[in-house]
1. Identify, from the list 170, 181, the residue that is closer than 24 Å to residue 9 by Cβ, surrounded by 15 or more Cβ atoms within 10 Å (Cβ to Cβ) and out of contact with any strand residue (DSSP E or B) (no Cβ under 7 Å at 6 or more places or on another chain).
2. Would you kindly identify the helices (runs of 4 or more DSSP H) lying entirely within region 1-118 that contain at least 1 residues that are under 20 Å from residue 133 (Cβ atoms)?
3. Just wondering, is there one or more residues in region 55-66 that are touching a helix residue (DSSP H, G or I) at 6+ places or on another chain (Cβ under 9 Å), surrounded by 13 or more Cβ atoms within 10 Å (Cβ to Cβ) and within 26 Å of residue 136 (Cα to Cα)?
4. Taking region 135-169 on its own, how many of its residues are assigned to a helix (DSSP H, G or I) and farther than 20 Å from residue 192 by Cβ?
5. Here are 88, 144, 150, 196: which of them is surrounded by fewer than 16 Cβ atoms within 10 Å (Cβ to Cβ) and modelled with pLDDT under 95?
C-alpha cells in the first residue's frame, strides 16, 4: 500500500494523527515513504510519545536547530518519553518544510478513544487530520479497549461495559466530541481503520459524512511490514 496515495497527500501537507490504534506506526510509515521521495520531512508530537519510537532514519533536532535532512523534533525528554512541542512550533516549521507529520493525540496503546476537552492538540495550519481507530475493538466491551472509556460511552450514548459495534465506532469517529474534535475548518479528514476486523460497515457509515474526505483500512500484515520498514 502507498500511504501517500491512501492519505491523499499533496505537494505540501501538515498531517496531524489523532485517535487510537496505531497512530505512530502510520506516522512513521508515511514519513519514511515521503523521505524516500527526497522530500523534506519533519516528525514530532504535540503530546508525548516513547523515545524508542524515534526511527533510526530520522535526525533528531530541537525546534530551534533543525538539520537539512529528515528530522524528529524533540523539545525535551522525561525518562522514556519525548515531550511534545506546542502546536505553533509546527506551524512555524511548516512554513519552510515540505511535510510535517505529528502525533497530536495520546491513547496509551488502546484501540479507540474519545478526547478530553483539551485534546487533541492540532496545529492551526494542519491540512490533513488522520483519524485512526483500531478494528480490534469490535465485539469487545468499551471498558477493555478504550482510552477514556467513560468519554467513549458518553459520546456514543452507551455504557462502559457495552460491546463496541460498527455503529459504535462510526458514531465515535464522526462525532464532534470524538474523531472530529478540534479539526481545523480547512483541514481534510482521512479516517484510517487499523488491524483485523470487518471494516466494511464502518467504512459505509463514515465515508458519506460531509466532513470526511476518504476512509481506508489497513491489515495487521501491512502494518507490521510498514512498522519494520519505517524503523530501519
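1. On the way: 170 fails: closer than 24 Å to residue 9 by Cβ.
One residue alone meets the criteria, 181.
2. Values: elements: 3-6, 23-35, 87-94.
Because the criterion is at least 1 residues that are under 20 Å from residue 133 (Cβ atoms), the helices (runs of 4 or more DSSP H) in region 1-118 that meet it are 3-6, 23-35.
3. As a first pass, look at region 55-66 and keep what is touching a helix residue (DSSP H, G or I) at 6+ places or on another chain (Cβ under 9 Å): 55-58, 63, 66.
Next, only the ones that are surrounded by 13 or more Cβ atoms within 10 Å (Cβ to Cβ) stay: 55, 57-58, 63, 66.
Filter again for within 26 Å of residue 136 (Cα to Cα), leaving 55.
Yes - at least one qualifying residue is present in region 55-66.
4. Step one: of region 135-169, the residues assigned to a helix (DSSP H, G or I) are 135-137, 142-145, 149-156, 166-169.
Checking the rest, the ones that are also farther than 20 Å from residue 192 by Cβ come to 142-144, 149-151, 153-154.
Qualifying residue count, region 135-169: 8.
5. On the way: 88 fails: modelled with pLDDT under 95; 144 fails: modelled with pLDDT under 95; 150 fails: modelled with pLDDT under 95.
That would be 196, the only listed residue that is surrounded by fewer than 16 Cβ atoms within 10 Å (Cβ to Cβ) and modelled with pLDDT under 95.
The values are calculated or read from the model by the stated rules, or taken from the named source; none is laboratory data. All figures in this text were calculated on a predicted structure; none of them were measured in a lab. Positions of Cβ are backbone-derived with ideal geometry, glycine not excepted, and every protein chain shown enters the neighbour counts.
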